[in-house]
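Here's the structure we're looking at; comments come further down.
The values are calculated or read from the model by the stated rules, or taken from the named source; none is laboratory data. Remember, it's a predicted structure, so these values are computed and weren't measured experimentally. Note that each Cβ is placed from the backbone with ideal geometry, even for glycine, and that neighbours are counted across all protein chains shown. For accessibility, only protein heavy atoms count, side chains too; no ligands or nucleic acids. Shrake-Rupley method; radii C 1.70, N 1.55, O 1.52, S 1.80 Å.
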Amino acid sequence: FGLLDISGTGKELIDAVYHCNDNYFIVVQEGDDLATISWATGLKIEELLEFNDLTLDYTLTIGDILFLRKKRTKGAKEYRNLPHTVEPGQSMYDISQMYGIRLKSLYKLNNLSPRDYEIKVGDLIWLR
């Protein structure tokens, strides 16, 4: 992940923008909410929700990753033959945000159904 400093842009609510999988994201800080992030980025709340596979009733948590453009359908090329190994407490959503992949695409890449699949520690999740 690369760091892009956008301080001094007049939008003081965002300290840093990071780069992942040909996309940009921020990490939610204390006091952030969708409205302030929307204002600071110039994106509509609906876009932030869509780009991050979220619904309007979701409450942001400190440390959440929020993508600023639509996520890609597969992981970066360096993950071609390198699956992610599920760790304790991780969800498919967490993994999709970690690698900048649309949640629906992550399920499809792994021939899984969101209704039928129950994630387990040690599972291998393919990213490409």
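Tell me whether the range 80-94 contains one or more residues that are under 24 Å from Asp123 (Cβ atoms), open to solvent by less than 80 Å² (accessible area, probe 1.4 Å), basic (Lys, Arg) and touching a residue at least 12 places away in the same chain (Cβ under 8 Å). No: zero hits.
For the range 54-71, what are the residues that are within 17 Å of Ser105 (Cβ to Cβ) and either surrounded by fewer than 14 Cβ atoms within 10 Å (Cβ to Cβ) or touching a Gly at 6+ places or on another chain (Cβ under 6 Å) (or both)? Result: Arg69, Lys70, Lys71.
Kindly establish whether Thr41 is among the hydroxyl-bearing types (Ser, Thr, Tyr) and at pLDDT 90 or above. When the stated conditions are applied, Thr41 does not pass them.
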